[in-house]
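Here the structure is laid out as structure tokens; the discussion comes afterwards.
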Amino acid sequence: MDPVEQYLESKLQERQQAGNLRRLTLQHAPVDLYSNDYLGLATNGILLRGIEETNNNKQVTGSTGSRLLSGNAEATEQLETRIAEFHKAESALLFNSGYDANIGLISSISNRHATILYDELCHASIIDGIRLRQVNHLRFSHNNLQDLEEKLQKATTGAPIIVIVESIYSMDGDMAPLTEIVALTTQYHASLIVDEAHATGIFGSNGEGLVCSLGLQENVFARVHTFGKALGCHGAVVVGSNILKQYLINFARSFIYTTALPLHTVHTVSNAYKYLASPNFANKPLHDLITYFREKIKRSDNKGWMESSSSIQALVIGNNVKTKNTALSLQNAGLQINPILHPTVPLGMERLRVCLHSFNTTEQVDLLFEILNINP
């Protein structure tokens with residue numbers, strides 16, 4: 001066997017022995033309690049008009065190149081203008097994914113003189129963006145304002161300071177104390193980046209995100225909104241100032257050196273934003289279901305539920321085997337809920353990650369807790 005393949009096989013065997021080897025699967029239970037399609041837009045047909053519009057106009061299906069070469073289009077620039085207005089920002093720049101947006105934004109705006117402070121539970125794309133540049137970086141305890149302030153004090157040397165958080169954290173489902181974080185970044189003259197991936201479409205009267213719902217948009221340097229979750233599409237956007245957009249066009253490698261999003265994707269995203277801004281938009285049914293779910297937790301025998309007012313509800317079990325077995329019991333009852341194991345989460349924090357959607361029912365929630373109470 002090739003020496004590299006020997007190394008690869010040994011690492012896979014380590015994962016297998018630890019019980020956390022990842023595998024792709026096509027088999028899913030009928031009830032979706034695991035996907036990020038929080039508003040059902042990926043499956044309810046509302047966004048299909050984007051594909052139909054592309055086909056009716058006989059437009060090309062591929063973008064043919066990067067935005068800086070042949071891949072730019074009037075529809076793309078119009079969408080960026082609409083998104084900027086919707087999220088109450090000066091400008092917006094599309095990226096091919098949330099991962100691309102984070103690594104492009106973070107790696108390009110930082111340098112060896114800057115200091116980045118980031119929440120310890122930030123997404124892998126944020127951490128990878130930091131690692132791509134030689135930059136001073138400090139991790140602060142999750143949602144810990146005292147720890148953040150202490151590190152801001154240490155970082156205050158006259159060089160740029162960047163603080164990075166998520167508005168809703170993807171594994172715990174909890175909310176960042178954004179108002180207090182903004183107060184600290186303002187006090188210490190730091191620039192704040194907020195990843196709104198799991199808040200877009202969910203928080204705000206029209207799904208503008210948590211930053212806008214709190215009226216903090218003027219105090220945030222940059223926000224990342226992704227389209228692959230509640231918007232039911234693909235891609236992402238960085239919103240911020242006109243200067244930031246022009247800078248990213250010139251220096252963000254994940255924007256410069258990649259093929260642009262195709263027009264049918266652009267039209268689909270455009271229809272998602274039209275829906276958010278329309279009188280038909282409603283995220284209240286989802287929040288009503290979240291409230292119902294939290295009430296069920298209060299009466300549950302399972303004590304590992306994390307505090308959350310978002311679509312993401314996490315039950316920490318803390319054991320690979322038990323976590324997988326509990327997930328299997330739910331799947332056998334028709335509820336698709338996946339086990340989340342180390343290294344995705346820290347050792348001892350293995351969990352079930354329940355994702356609530358506008359199309360889920362209280363009866364499905366009742367069944368979930370009935371099964372969990374049998375297997376406390």
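The values are calculated or read from the model by the stated rules, or taken from the named source; none is laboratory data. Only a predicted model underlies this, so the values are computations on that prediction, with no experimental measurement involved. Every residue, glycine as well, gets a Cβ built from its backbone with ideal geometry; the counts of neighbours run over all protein chains shown.
Some points to look at:
- Every condition in (1) closer than 20 Å to Asn102 by Cα; (2) touching a residue at least 24 places away in the same chain (Cβ under 8 Å) is met by Gln134 except one, and the failing one is (2).
- Odd one out for Asn320 among (1) out of contact with any strand residue (DSSP E or B) (no Cβ under 7 Å at 6 or more places or on another chain); (2) closer than 25 Å to Ala199 by Cα; (3) not small (Gly, Ala, Ser): (2)
- Across segment 192-224, the number of residues qualifying as among the hydroxyl-bearing types (Ser, Thr, Tyr) and buried (at least 18 other Cβ atoms within 10 Å of the Cβ) comes to 2.
- Matching residues, segment 202-224, being touching a helix residue (DSSP H, G or I) at 6+ places or on another chain (Cβ under 8 Å) and not in a loop (DSSP other than H, G, I, E, B): Leu210, Val211, Gln217, Asn219, Ala222, Arg223, Val224
- Residue match in segment 348-359 (condition: over 20 Å from Ser167 (Cβ atoms), outside the structural domain of Leu79 (by TED's automatic domain parsing) and surrounded by fewer than 15 Cβ atoms within 10 Å (Cβ to Cβ)): yes
- Residue within segment 140-154 that is closer than 12 Å to Thr115 by Cα, touching a Ser or Thr at 6+ places or on another chain (Cβ under 8 Å) and among the polar types (S, T, N, Q) present: no
- Val165 vs. criteria surrounded by fewer than 23 Cβ atoms within 10 Å (Cβ to Cβ) and either among the β-branched types (Val, Ile, Thr) or not assigned by TED's automatic domain parsing to the domain that holds Tyr38 (or both): no
- Selection from segment 255-268 of residues that are modelled with pLDDT of 95 or more and crowded, with 20+ Cβ neighbours inside 10 Å: Phe255, Ala260, Leu261
- Residue count for segment 1-54 under the criterion of being free of Cβ contacts under 8 Å to residues at least 24 places away in the same chain and of a type in the set (D, E, K, R): the result is 9.
- For segment 13-35, the criterion of being modelled with pLDDT of 95 or more, in contact with a His (Cβ under 7 Å, 6 or more places away or on another chain) and farther than 27 Å from Leu315 by Cα is met by no residue.
- Scanning segment 132-147 for residues that are loosely packed, with under 14 Cβ neighbours inside 10 Å and modelled with pLDDT under 95 gives a single hit, Gln134.
- Among the residues of segment 237-254, those that are of a type outside the set (A, V, I, L, M, F, W, C) and either part of a helix (DSSP H, G or I) or surrounded by 24 or more Cβ atoms within 10 Å (Cβ to Cβ) (or both) comprise Gly240, Asn242, Lys245, Gln246, Tyr247, Asn250, Arg253, Ser254.
- Pairs with Cβ under 7 Å, 6+ apart, first in segment 91-117 and under 26 Å from Pro262 (Cβ atoms), second modelled with pLDDT under 95 and basic (Lys, Arg): Ser107/Arg133
- Of residues in segment 70-93 being assigned to a loop (DSSP other than H, G, I, E, B) and of a type outside the set (A, V, I, L, M, F, W, C), the one surrounded by the most Cβ atoms within 10 Å (Cβ to Cβ): His87
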